[in-house]
Amino acid sequence: MSFTLHGIGVSGGIAIGRAHLVSHAALEVNHYVIPPHQVMEESLRFDAAIQKVRAEFNGLRAEIPAGAPAEFEAFVNLHRMILDDSTLSAEPRRIIETELCNAEWAIKVQSDALLAQFDAIEDTYLRERRNDVIQVVERVLRALSGQPGYVPPPASGAEQDLILIARDLSPADVVQFKRHHFASFITDLGGATSHTAVVARSLNIPSIVALRRARELVREDELVIVDGSNGVLIIDPDQRVLNEYQQRKLAFGAVRRKLLSLRDTQAVTRDGVAVDLQANIELPDDVEQVWENGAVGIGLFRSEFLFLNRPDLPDEDEQFEAYRKVALAMKGQPVTIRTYDLGADKTIDDGPQHQINPALGLRAIRLCLTEPQRFLSQLRALLRASHYGNISILIPMLASSTEIDQTLQMIARAKASLDDEGIAYNRQVKIGSMIEVPAAALALDVFLRKLDFISIGTNDLIQYTLAIDRADDSVAYLYDPLHPAILNLVSTIIKRADKAQVPVTMCGEMAGDVSLTRLLLGLGLRSFSMHAAHVPDVKQQVLETDVAALRALATRMLRATDPVRLKAMLAKLNGMN
Ligand code: PEP
Ligand code: MG
């Protein structure tokens with residue numbers, strides 16, 4: 001029977017294909033058969049994962065600060081006990097041997113059996129311990145996924161016909177899809193500017209988040225249509241609907257091809273205002289898309305993605321090679337590399353664990369400054385790479401003058417160490433700050449005085465200003481780039497930067513939202529960085545805009561407070577010819 005689900009469309013276009021239900025590092029894992037001669041290796045892999053998790057628990061116990069609530073130690077001990085129980089630490093080995101299956105599957109079989117027993121328990125306290133089992137098993141699965149990526153090849157069907165359906169995916173999960181060619185993916189959780197959605201956009205395939213119950217209601221291999229532009233998922237469509245969407249898919253492809261023909265056209269408005277359209281990337285291989293879509297530089301390279309999906313961390317040389325590769329591939333065009341923004345939803349094994357509120361915790365520059373050696377090796381790698389291209393360094397989540405000073409001192413230390421070793425780097429390399437914490441936007445002068453450029457990170461600026469967790473679908477409806485607080489902050493940042501003659505870019509998702517291009521131009525923005533695939537749409541809008549004609553209306557929008565009126569004014573702005 002055909003039915004429809006609605007979520008938040010995060011990447012436009014239409015995909016038609018077969019549903020493939022996948023998991024993130026949770027309790028649903030894929031099953032594959034291993035040949036008998038690999039049983040020993042698979043068992044060892046399992047043992048190594050158990051050891052790793054055991055070491056994590058020991059580390060956690062050793063680091064419990066004096067005065068921490070007693071429950072914390074009890075909690076770690078409980079998890080350690082669950083892990084050490086032979087049900088989880090030994091029995092899966094027997095399953096690997098007898099069923100010739102992968103370690104992930106073996107532990108899943110065991111944990112399913114254990115959870116079923118918990119479900120049958122009457123006692124509420126004991127029944128609630130099932131979540132503790134889940135958390136321990138997730139840890140083991142994560143330890144296992146430190147080796148190959150967790151997304152194994154799907155059981156059947158060509159990738160390009162598959163619609164991946166998951167409850168939730170982390171940004172690290174999604175970035176792995178860059179190596180695959182799925183038709184689309186959708187998740188039950190997530191917000192429009194969660195990092196998962198941000199990476200989804202860069203894949204340039206239709207996708208939807210916050211569908212709530214898709215994972216539960218759609219069956220494996222069912223025919224589905226994903227309308228990423230409208231956030232609609234149609235399950236088991238009838239022939240008439242299918243025909244309609246096949247037509248729409250063709251039309252979407254035709255429009256896209258037409259837009260791509262603008263690749264070599266300069267982005268200049270009708271009244272002669274030149275606009276800089278750059279691209280955001282996550283990995284060095286994304287550079288290809290940057291050229292294909294006609295971006296004139298890289299405005300944001302989210303370097304933390306080099307640190308994800310691996311058991312170890314990239315050392316200075318490996319990072320240097322990655323940054324140099326991008327700099328050389330961009331042939332002298334600007335390349336703005338952001339120092340790693342780890343923490344919150346982009347975690348590494350070695351990073352902070354169990355933060356009470358990770359988005360407000362040790363994230364981005366805060367984490368860098370607590371790990372000076374790791375940060376220094378990234379800074380040295382960036383400086384060394386600056387010798388080979390037009391690299392600038394961008395610092396995420398700076399909020400205070402002290403943090404700026406500490407960061408600049410670290411950069412000076414990195415430079416001094418390179419000088420001592422006689423290693424070349426660009427001495428004039430520009431250092432900029434993301435403006436993504438309201439405190440930075442409100443106390444902008446010190447940023448403009450101490451740094452060479454700024455880049456407005458609207459994803460976090462909106463998250464922190466409106467107090468809505470960007471990864472939480474239950475508050476996603478509150479995400480509103482047209483909120484008067486946001487419009488006024490953005491406008492003020494642009495004006496003050498212009499006055500101080502400090503270059504200002506916008507690299508959050510607002511910059512790639514074609515419905516906001518005119519408004520941002522009217523507010524004075526001249527430099528945008530977005531997913532490469534959005535550059536052609538935004539460029540077309542720039543080409544059709546007369547900035548002088550819309551400035552007055554854009555400025556009036558700063559004084560409007562009623563959301564309905566603001567929407568109407570935006571529609572008027574976008575309809576002006
Ligand atoms: C932002 O916050 O707007 C931004 C560009 O950075 P990220 O999305 O990686 O947090
Ligand atoms: Mg950010």
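The values are calculated or read from the model by the stated rules, or taken from the named source; none is laboratory data. If you're wondering where the values come from, they're calculated on a predicted model, not measured in any experiment. Using ideal geometry, Cβ is built from the backbone for each residue, glycine included, and neighbour counts are taken over all protein chains shown. Quick note on the areas: whole protein, heavy atoms, side chains included, nothing else; ligands and nucleic acids left out. Shrake-Rupley method; radii C 1.70, N 1.55, O 1.52, S 1.80 Å.
Points worth noting:
Residues are listed down the side, and each one gets a yes or a no for (1) outside the structural domain of Arg380 (by TED's automatic domain parsing); (2) more than 16 Å from ligand 2 (Cβ to nearest atom); (3) closer than 25 Å to Ala414 by Cα:
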| position | (1), (2), (3) |
| --- | --- |
| Asp286 | no, yes, no |
| Val296 | no, yes, no |
| Ser303 | no, no, yes |
| Leu313 | no, yes, yes |
| Lys325 | no, yes, yes |
| Val335 | no, yes, yes |
| Asp341 | no, no, yes |
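- Boolean, Val490 is within 12 Å of ligand 1 (Cβ to nearest atom) and part of a helix (DSSP H, G or I): yes
- Of all residues in region 470-520 being in contact with a helix residue (DSSP H, G or I) (Cβ under 6 Å, 6 or more places away or on another chain) and of a type in the set (D, E, K, R), the one that is farthest from ligand 2 (Cβ to nearest atom): Arg518
- Unique match (being of a type in the set (A, V, I, L, M, F, W, C), more than 14 Å from Phe307 (Cα to Cα), in the same structural domain as Ser303 (by TED's automatic domain parsing) and within 16 Å of ligand 2 (Cβ to nearest atom)) among Leu383, Leu379, Leu362: Leu362
- Test result for Asp123, outside the structural domain of Leu162 (by TED's automatic domain parsing), modelled with pLDDT of 75 or more and either out of contact with any Asp or Glu (no Cβ under 8 Å at 6 or more places or on another chain) or among the aliphatic types (A, V, I, L, M) (or both): no
- Residue ranges of helices (runs of 4 or more DSSP H) in region 163-221 with at least 2 members within 23 Å of Thr458 (Cβ to Cβ): 171-176, 195-203
- Looking across Ala166, Ala158, one residue alone is at pLDDT 70 or above, of a type in the set (Gly, Ala, Ser), buried (at least 17 other Cβ atoms within 10 Å of the Cβ) and not assigned by TED's automatic domain parsing to the domain that holds Cys101. It is Ala166.
- Any strands (runs of 3 or more DSSP E) falling wholly within region 251-339 and containing at least 1 residues that are small (Gly, Ala, Ser) and open to solvent by less than 30 Å² (accessible area, probe 1.4 Å): 276-281, 298-302
- The sole residue among Ala439, Ala416 that is part of a helix (DSSP H, G or I), open to solvent by 10 Å² or more (accessible area, probe 1.4 Å), within 16 Å of ligand 1 (Cβ to nearest atom) and not assigned by TED's automatic domain parsing to the domain that holds Ala192 is Ala439.
- Gly457 vs. criteria under 21 Å from Tyr323 (Cα atoms) and within 13 Å of ligand 1 (Cβ to nearest atom): no
- Restricting Leu382, Leu461, Leu466, Leu487 to those that are open to solvent by less than 50 Å² (accessible area, probe 1.4 Å), in contact (Cβ under 8 Å) with a residue 24 or more places away in the chain, within 24 Å of His195 (Cα to Cα) and within 21 Å of the chain's Cα centre (by Cα) reduces the list to Leu461.
- Taking every residue in region 389-406 that is in the same structural domain as Asp341 (by TED's automatic domain parsing) and within 15 Å of Cys368 (Cα to Cα) and pairing it with any residue that is away from ligand 1 (no atom under 15 Å from the Cβ) and open to solvent by 10 Å² or more (accessible area, probe 1.4 Å), at least 6 positions away or on another chain, the pairs with Cβ-Cβ distances below 6 Å are Ile393/Ile431; Ile404/Lys450; Gln406/Leu369.
- Selection status of Ile423, assigned to a loop (DSSP other than H, G, I, E, B), assigned by TED's automatic domain parsing to the domain that holds Phe307 and away from ligand 2 (no atom under 16 Å from the Cβ): yes
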